[in-house]
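The values are calculated or read from the model by the stated rules, or taken from the named source; none is laboratory data. The structure displayed is predicted, hence computed values, not measured ones. Because the Cβ atoms are built from the backbone with ideal geometry, glycine has one as well, and the counts that use them run over all protein chains shown. These accessible areas exclude ligands, DNA and RNA; they are computed on the full protein's heavy atoms, side chains included. Shrake-Rupley method; radii C 1.70, N 1.55, O 1.52, S 1.80 Å.
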Amino acid sequence: MTITTRFGSLRDYEKGRVTIINDNPRNYVFSNVFEVADTSAPYERIAVGKNFEYVIEAFRAEGDSPWYSAAHDEFVVAMDGEIEVHLVKLDDPDAVVAPDSQGAHRLPGDPEGRKMGRIVLRRGHMAMLPVGSAYRLSAAEPAAAIMQTILGPETVEKWATICQTEA
Amino acid sequence: MTITTRFGSLRDYEKGRVTIINDNPRNYVFSNVFEVADTSAPYERIAVGKNFEYVIEAFRAEGDSPWYSAAHDEFVVAMDGEIEVHLVKLDDPDAVVAPDSQGAHRLPGDPEGRKMGRIVLRRGHMAMLPVGSAYRLSAAEPAAAIMQTILGPETVEKWATICQTEA
Amino acid sequence: MAMSNDTPTITRDDASKDTEALGLDNATGYRAFRVGSFGFRRDEYFAHITFPSGNHVMSIDAFLRALMRDVAWGFFYGTVNFDHVLGTVNHYGTVTMFAGKFNDAYTQAGRDHEELFDSAALMAIFKEMLADWTNEGFDPFAAPMETGLAWGGKNGANPDAIGRERVTAKRMVGLPGDTPVRTDEIGFPVNRQFADVPQDAPTVEPEPGFENEVSAYNLFAYLSRSDVTWNPSVCSVVGESLFCPTSEEYILPIDHGNDRAEWFLQFSDEIDWDVKDRVTGKPRARVKMKAGDIACMPADIRHTGYSTKRSMLLVWENGSPKIVDLIASGEAPVVPVTF
Amino acid sequence: MAMSNDTPTITRDDASKDTEALGLDNATGYRAFRVGSFGFRRDEYFAHITFPSGNHVMSIDAFLRALMRDVAWGFFYGTVNFDHVLGTVNHYGTVTMFAGKFNDAYTQAGRDHEELFDSAALMAIFKEMLADWTNEGFDPFAAPMETGLAWGGKNGANPDAIGRERVTAKRMVGLPGDTPVRTDEIGFPVNRQFADVPQDAPTVEPEPGFENEVSAYNLFAYLSRSDVTWNPSVCSVVGESLFCPTSEEYILPIDHGNDRAEWFLQFSDEIDWDVKDRVTGKPRARVKMKAGDIACMPADIRHTGYSTKRSMLLVWENGSPKIVDLIASGEAPVVPVTF
Ligand SMILES: [Fe+3]
Ligand SMILES: [Fe+3]
């Protein structure tokens, strides 16, 4: 028997659902990262998971993103397509994002610092976006990704839009 | 590994028990046929199971039993020891036990009829005590048996004595 | 039909015969089935059941073991719970198939579902499902140490295992014209777990002319040669009183909610019974039975059993048609004896 | 310890260290164990558990699969239900072992029982039990189609299977000095069920001097090489946010009653979750998750999962010590987001 592992993609995903016996579907905060990425603006960082201050953001990579930086590590996982990551070691990270701040911050322009390198992610690849650096993503074709990070000024919460609310 | 199948006997039996979570142990009418046979008079036919008119009787075979007859088949299973069964085809069964009567009836003396034969039962053996016949049991050593029959004049009910009543 | 062949058949016009075998699944090779508005699908590990108010999953080995009993027993007496959600209730001519009917959470949330089927129609589709879903090498009647695995894609079939006829003596095993005693020759060797059980026959000495009436056999030897587990078969009959002994190993594959009192006499070894409320499923008692113990399962419970060492159990049923009426009118007693 | 090694340890003087390995059973070859006033005994098919207010039986395969997780996960977060009766509650330094604590019928009848143990003492006796009761050829971490059977008398041991170290990346898999990526060479071949998963590596082009910080790896390839099921391991860490992906096949061997919200992101294929009330055990929902679906398990439920095709699941935990305090004071939120 041929094994077929089913991954989702922006073009081809199926959603499951919550079937209620005795509960409220909102308690399960159920959404789908491909649907969220597909129906949001490029690089809109939509919270799809939240646990106290921590979030998982889903987004669609398409074209070039702004430069971002955070006062902590972040990790990105490509879920569909190909995403390029550019990293710059910031000369003065604390001047860019406050050291006690949380989440990704958008830089007003290009970062000041040394070029750290370049990564190209395809489906299932995880990259570290290390503290002290700035990063920019780019994708020639629409791609989908998730980010392990902390709720920050760039995080968009629109739960009622993305989640199952009807039993 | 040597297999040992554990049967009980008059001399060597262990009782299980009902462990209550939320119930009354009397609902389970729990007893042990060896204990009942051991603690009753020889050939006292103690009901250990009852389902409407039907019963399972347990008894100790020891020496000779009276002669019995019933207006329906009965079946005896030897549970321990050796039990001899004598059968007589009754000349006039309806004169001995009413045709619509239930359960075993004790005959006042010896039955009138033709000798049908003899059976010797050991542990696990089941014999038919056919309608239209009379039977007598005998055992040189104490033996235990159960009877599949209907509640009758010889059936002794002493549930509170034989059954588990405490949780 | 349950254990007795004399059980009355009460047909009803509103009982559904609407069942359907669906197409083969290309990935697994198994057929799906529609039974009224219930859907049944199997894959490598699971049976997937859908119904209008929900869906359910069971491990396929447990599902097939349960389905095998429901089929072999003709829906038995009362309720056959495949697990805490799915099952059947026998009305003797019609059968209710349900999901969540005897599960507090499902009923309280209104998520339970049930449909009434014509017994023959439901039996036919159940048999088809069992035949399609049972692979070569898996015997749903056998103890786990005696059979292959239920897992995987479609791989042959096992018609011999699932096609066994349930033994129903009319008067007593071994009588002329009745169910024969078991021997090596007719395909019933002694089970490995009963290798030490004496195979001696009783001494039977009929006078001439009484050969057909003076009869006895070794019931324990007969049980030591059973090739199935948790499958009572009638061995002796007094009116509607049915001695249905059986050999038990591992776990009873169903949770049986009898509609009448049911008696157990432990002939050998030991069984632990888990007893729950028949309607809500809440635990009520545990019953440990050792050789010689006799006990009754009340009519308002469900029970499942555990037997490590293969054991001999006498299941004693009352197959009286009058009980069907008492159950229908709600007058059947819950316990057989009060004291 | 749960998933994070930073979880605070709260010891208590009244936590019992009273455990004991008992003698070998001559018939089965297995050792029995006393854990406070709980007794544990295994035979060919079952684990038998006794406690002052009752006794309990579990199929030995299910028991060993559950015990393996409880041991490997250091009692995990919250409640690890071995089944509807037996389990542990982690207090991070001490552990409650219970029977019937989260079962309405047991608690209402006052038949539940619990004892508080020192975590290290309970872990030691659990490890000894697992080692003694796991035979050669049975891997409690493996999917049923990948391992031998758990049944039978004592027959060797399987220290390699039960001794696997849980992977805990400090920052990210593949970083220098951190958990390595999986390869054939270090004993992690691609699992049969993930034979089609691309094994390509990301393009990583660090500038000189940044080799340690510019890092990426193929997480899906990493998961395709997991040799265990239902065993989350930490792959990346943001503060106390732990990505704990895992590969799942067949049934989650425990019913997990988390003490905090727990998130699932389905990376591949599909899992069905059965969700019940954490305290009463009553069914609340079923959650079907397909690739790309993300959902949260509330903190007042217990869940178990079903995965036919081996699938990749991201379990996302928050290992913050502050949650331990919130749980202790009853202030931990039940759902992570309200909208
Ligand atoms: Fe039953
Ligand atoms: Fe969990």
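Pick from B:122, B:114: which is over 19 Å from residue C:202 (Cα atoms) and touching a residue at least 24 places away in the same chain (Cβ under 8 Å)?
Among B:122, B:114, only B:114 is over 19 Å from residue C:202 (Cα atoms) and touching a residue at least 24 places away in the same chain (Cβ under 8 Å).
Entry remark, region D:298-320: residues being open to solvent by 10 Å² or more (accessible area, probe 1.4 Å) and either touching a Pro at 6+ places or on another chain (Cβ under 6 Å) or among the basic types (Lys, Arg) (or both) number 1 in total. Among the residues of region C:12-24, are any hydroxyl-bearing (Ser, Thr, Tyr), under 30 Å from residue C:234 (Cβ atoms) and within 16 Å of ligand 1 (Cβ to nearest atom)? There is no residue in region C:12-24 that is hydroxyl-bearing (Ser, Thr, Tyr), under 30 Å from residue C:234 (Cβ atoms) and within 16 Å of ligand 1 (Cβ to nearest atom). When residue B:110 is tested against (1) part of a strand (DSSP E or B); (2) more than 9 Å from chain C (Cβ to nearest Cβ), only condition (1) is not met. If you go through region C:296-307 one residue at a time, do you hit one that is within 15 Å of ligand 1 (Cβ to nearest atom), farther than 23 Å from residue C:92 by Cα, at the interface with chain B (Cβ under 8 Å from one of its Cβ atoms) and of a type in the set (Gly, Ala, Ser)? Checking region C:296-307: not a single residue is within 15 Å of ligand 1 (Cβ to nearest atom), farther than 23 Å from residue C:92 by Cα, at the interface with chain B (Cβ under 8 Å from one of its Cβ atoms) and of a type in the set (Gly, Ala, Ser). Elements of the type strands (runs of 3 or more DSSP E) sitting completely within region C:203-320 and holding at least 1 residues that are of a type in the set (Val, Ile, Thr) and more than 16 Å from ligand 2 (Cβ to nearest atom): these cover C:203-206, C:236-238, C:241-251, C:270-277, C:283-290, C:293-297, C:301-318. Residues in region C:312-331: is at least one under 26 Å from residue C:226 (Cβ atoms), at pLDDT 95 or above and more than 13 Å from ligand 1 (Cβ to nearest atom)? Looking for residues that are under 26 Å from residue C:226 (Cβ atoms), at pLDDT 95 or above and more than 13 Å from ligand 1 (Cβ to nearest atom), one finds at least one in region C:312-331, hence yes. Could you list, in sequence order, all residues of region D:204-253 that are in contact with a Cys (Cβ under 8 Å, 6 or more places away or on another chain) and facing chain A (nearest Cβ under 8 Å)? Scanning region D:204-253 gives D:219, D:235, D:243. Tally time: how many residues in region D:70-85 are over 10 Å from the mean Cα position of the chain (by Cα) and either in the same structural domain as residue D:258 (by TED's automatic domain parsing) or open to solvent by 10 Å² or more (accessible area, probe 1.4 Å) (or both)? So the count comes out to 3. Does region A:114-129 contain any residue that is small (Gly, Ala, Ser) and either more than 7 Å from chain D (Cβ to nearest Cβ) or in contact with a Cys (Cβ under 9 Å, 6 or more places away or on another chain) (or both)? The answer is no; no qualifying residue exists.
Set side by side, the residues B:134, B:145, B:139, B:104 differ, and just one is closer than 21 Å to residue C:291 by Cα, touching a strand residue (DSSP E or B) at 6+ places or on another chain (Cβ under 7 Å) and surrounded by 21 or more Cβ atoms within 10 Å (Cβ to Cβ), which is B:145.
Could you pull out the residue among C:135, C:158 that is surrounded by 16 or more Cβ atoms within 10 Å (Cβ to Cβ), among the polar types (S, T, N, Q), closer than 25 Å to residue C:40 by Cα and over 20 Å from the mean Cα position of the chain (by Cα)? From the options C:135, C:158, the qualifying one is C:135.
Only a single item in (1) closer than 30 Å to residue C:239 by Cβ; (2) surrounded by fewer than 21 Cβ atoms within 10 Å (Cβ to Cβ); (3) facing another protein chain (nearest Cβ under 7 Å) is not met by residue B:56, and it is number (2).
Residue-by-condition table, conditions (1) touching a residue at least 60 places away in the same chain (Cβ under 8 Å); (2) out of contact with any helix residue (DSSP H, G or I) (no Cβ under 6 Å at 6 or more places or on another chain); (3) farther than 17 Å from residue D:317 by Cα:
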{"site": "D:219", "(1), (2), (3)": "no, yes, yes"}
{"site": "D:226", "(1), (2), (3)": "no, yes, yes"}
{"site": "D:229", "(1), (2), (3)": "yes, yes, yes"}
{"site": "D:233", "(1), (2), (3)": "yes, yes, no"}
{"site": "D:238", "(1), (2), (3)": "no, yes, no"}
{"site": "D:241", "(1), (2), (3)": "yes, yes, no"}
{"site": "D:256", "(1), (2), (3)": "yes, yes, no"}
{"site": "D:265", "(1), (2), (3)": "no, yes, no"}
{"site": "D:276", "(1), (2), (3)": "no, yes, yes"}
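Taking the listed residues A:22, A:32, the one that is buried (at least 22 other Cβ atoms within 10 Å of the Cβ) and within 8 Å of chain D (Cβ to nearest Cβ) is A:32, with no other qualifying. The residues of region D:321-334 that are open to solvent by 30 Å² or more (accessible area, probe 1.4 Å), assigned to a loop (DSSP other than H, G, I, E, B) and not polar (S, T, N, Q), listed by number, are D:330, D:331, D:333, D:334.
Among the criteria (1) open to solvent by less than 30 Å² (accessible area, probe 1.4 Å); (2) within 13 Å of chain C (Cβ to nearest Cβ), the one residue D:112 does not fulfil is (1).
For region C:138-154, filtered to residues that are of a type in the set (A, V, I, L, M) and open to solvent by less than 30 Å² (accessible area, probe 1.4 Å), the residue that is farthest from the other protein chains (Cβ to nearest Cβ) is C:142.
Give me a count of the residues in region C:166-204 that are crowded, with 16+ Cβ neighbours inside 10 Å and within 19 Å of residue C:238 (Cβ to Cβ). Total meeting the criteria: 10.
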